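Below: the structure, in structure tokens.
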Amino acid sequence: MIKLFDQEEILERYVADERHKAELKNSRLIAKKLLSDPTLSLEFIAECTGLPLDEIEELAKEVWK
């Protein structure tokens, strides 16, 4: 039988999704700021922000162009 979600469950999932998007956006902004410091390694920035290294490398291309 198919379970239907009630409005409260839908709202909770929406809020969680929006919170996750905001955290990801914030992590990217922090990474971009950290990329302006040439003494920091990409691996260190990935570790600090929780973003994957390949994403840090893509952000570095944007910042360093």
- Message: When you scan the stretch 18-32, do you find a residue that is of a type in the set (Lys, Arg) and more than 15 Å from the chain's Cα centre (by Cα), even just one?
- Response: no
- Message: For the condition within 25 Å of residue 62 (Cβ to Cβ) and out of contact with any helix residue (DSSP H, G or I) (no Cβ under 6 Å at 6 or more places or on another chain), what is the one hit in 4, 29, 42, 11?
- Response: 29
- Would you mention how many residues in the stretch 45-65 are loosely packed, with under 15 Cβ neighbours inside 10 Å, farther than 16 Å from residue 26 by Cβ and small (Gly, Ala, Ser)? 0
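Quick note: the coordinates plus some simple rules give every number you see, no bench work behind them. Predicted model only: the values in this text are computed from it and were never measured. Because the Cβ atoms are built from the backbone with ideal geometry, glycine has one as well, and the counts that use them run over all protein chains shown.
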